[in-house]
Amino acid sequence: MALRVRPAGVRARRLTQAAATAGHGHWDGVLPDATMLAEWPQDALQPTGCWLTSLPTATPPAELVRLAKIRWRIEHDYRELKHGLGLDHFEGRSWAGWHHHVTLVTAAHVFLTEQRTRSW
């Protein structure tokens, strides 16, 4: 189920003097509309999952569901990067060393993903 909602419960923050003089105006505390996606199985008494998004209203519900459920894939990939490919094994002290390490780990992940999804 997808509904357009206006989030509530966030207090209005005051703009700094610099922001107000820069022409940004004063924020009235009203948050913009958002789309709420709820996962509510037919046999359940209440929703089992809920997501809030600011994607355009024309986004199809199937795309909203796909994006909401992709979190598992992202967490799986991050766990594979850390534990399987050594993303968390860097012990250097330079930005260049860290950058090289992350680049090689990412390249290894791309290679493994390509091999896993390749049809032989």
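What is the residue count in the range 86-108 for residues that are under 18 Å from residue 74 (Cβ atoms), surrounded by 13 or more Cβ atoms within 10 Å (Cβ to Cβ) and in contact with a helix residue (DSSP H, G or I) (Cβ under 6 Å, 6 or more places away or on another chain)?
2
Go through the residues of the range 55-70 one by one and say whether even a single one is loosely packed, with under 11 Cβ neighbours inside 10 Å and farther than 27 Å from residue 5 by Cα.
No, the range 55-70 has no match at all.
Quickly run through the range 3-15 and pick out the residues that are at pLDDT 80 or above and surrounded by 10 or more Cβ atoms within 10 Å (Cβ to Cβ).
The answer is 5, and nothing else.
Here is a check on your reading of the model: is residue 64 aliphatic (A, V, I, L, M), modelled with pLDDT of 90 or more and on the phi < 0 side of the Ramachandran plot?
no
Return the residues of the range 34-51 that are out of contact with any Pro (no Cβ under 7 Å at 6 or more places or on another chain) and surrounded by 11 or more Cβ atoms within 10 Å (Cβ to Cβ); say none if nothing qualifies.
35, 36, 37, 47, 49, 50, 51
The values are calculated or read from the model by the stated rules, or taken from the named source; none is laboratory data. If you're wondering where the values come from, they're calculated on a predicted model, not measured in any experiment. Cβ: placed from backbone, ideal geometry, glycine included. Neighbour counts: every protein chain shown.
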